[in-house]
Amino acid sequence: MTSDEIRERLRAVEDPHLGDDIVTLGLVREVTVDDEAETIRVTLGLGAPYSPTETSIAGRVRDKLDDSGYEIDLTAAVDRGVDPEETVLPNVKNIIAVASGKGGVGKSTVAANLAAGLADLGARVGLFDADVYGPNVPQMMGTDEQPQVTEDETMLPPVAHGVEIMSMEFLLGESAPAIWRGPMVHKVLTQLWEDVDWGRGGSLDYMVVDLPPGTGDTQLTMLQSIPVSGAVIVTTPQAVALDDAERGMEMFGEHETPVLGIVENMSTFVCPDCGGRHDIFGSGGGETFAEETDMPFLGSIPLDPAVRTSQNPVVLGDDETADAVTEFVETTVDMQGVVHRRRESSR
């Protein structure tokens, strides 16, 4: 087959989110036919590794070319809008910030489970605990391992559940983080981005950043320093949390950072004894908020005692809560893919 014939076949592959075929959308970036090696090489404009939607698109591309008798070599590449030579973390494909307008909504729990869930899908993942006021990601990931320092004075982050972890807790020790001011926060965050061997000489598909609540120095430093590819806004169902979530969303909008969507945490409590369902903080507020702000709704996560008692992220379990968190993880990474594919189709 010629490259034109291949492109014509691929017009039968549709992007379910963008509503057109991948050729018309410009997501088939390059097609070459190597007759000598009996290989068809196709580069697709896909940017969210292990996204269920992008995995499905790649699978349908293979199916359309399966009868060619040639080996099918698929690669993915997108324009991420940044120059790799001019940015920190050039070996990290996607940086997803997890944020909330207020504390107490389970933001760190969501960040830890998002990272563990992505790793469980097969992705190479890092989790950066940037909460200077209350870093606790190591405990949530069930590890007390400390980072190692190499001969060239870079840090190797510890690994738990397939996730590389770096936390402000490793540097703070017993000091009181509340006394930190903007320049100090900026200096430490920059050190953790630049002096850590993320990917251990390779690359990461995703870095999940657990931000402190609110819209302060840490958020500003991050948005000005690293190319955040998407943000997840965490809320609980009650009105006060939704009001604060809107302020957090506006912060990302001011810095032209895509918001991937809204996740509602602590939505329903399922009694482990009687099986009854109780909406302790109400229900549906996050989904309504997403509709009102025209944002994707990433899912509802139940209020589950296992979040407090388990030494492992609940996404790795096999119960109703694990299923809900897995659905949130998959929807989030799908939305990250949509951001990249929309950019590609507008090139």
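The values are calculated or read from the model by the stated rules, or taken from the named source; none is laboratory data. Predicted model only: the values in this text are computed from it and were never measured. Here the Cβ positions follow ideal geometry from the backbone for every residue, glycine too, while neighbour counts run over all protein chains shown. Quick note on the areas: whole protein, heavy atoms, side chains included, nothing else; ligands and nucleic acids left out. Shrake-Rupley method; radii C 1.70, N 1.55, O 1.52, S 1.80 Å.
The gain in end-to-end length when the ASN312 to THR150 segment is fully stretched comes to 55.5 nm, 0.36 nm per residue minus the alpha carbon separation.
Using per-residue counts of other Cβ atoms within 10 Å, averaged over each peptide, order 249-258, 21-30 from highest down. Walk me through the intermediate numbers first.
Working: 249-258: 15.4, 21-30: 17.8.
Top to bottom by mean Cβ count within 10 Å: 21-30, 249-258.
Dividing the alpha-carbon radius of gyration of region 1-97 by 2.2 N^0.38 Å (N being the number of residues), what value is obtained? Could you put the intermediate results ahead of the total?
Values: Rg = 14.7 Å, N = 97, 2.2 N^0.38 = 12.5 Å.
Scaled against compact globular proteins, the figure is 1.18.
Per residue, region 1-119 exposes 45 Å² of solvent-accessible protein surface, assessed with a 1.4 angstrom probe and all protein chains in place. Each peptide in 9-17, 37-45, 325-333 gets a packing score, the mean of other Cβ atoms within 10 Å over its residues, and the list from highest to lowest is 325-333, 37-45, 9-17. Scanning residues 5 or more positions from GLY299 or on other chains, those with amide H under 5 Å from its amide H are GLU264, with H placed 1.01 Å from N in the peptide plane.
Separation of region 309-335 and region 108-125, taken as the distance between their Cα centroids, equals 9 angstrom.
Summarising the amide proton neighbourhood of VAL28: residues at separation of 5 or more, or on other chains, whose placed amide H is nearer than 5 Å comprise GLY45. Each residue, GLN191 and ASP66, gets one label point 7 Å from its Cα in the Cβ direction; the gap between the two is 5.5 nm. Solvent-accessible area of region 1-149 (1.4 angstrom probe, protein heavy atoms only): carbon and sulfur portion equals 42 percent. Sorted largest first, the principal axis extents computed over the alpha-carbon atoms of region 33-82 equal 36, 23, 12 Å. Extension gain for SER56-GLU327 works out to 96.0 nm (0.36 nm per residue, less the C-alpha to C-alpha distance).
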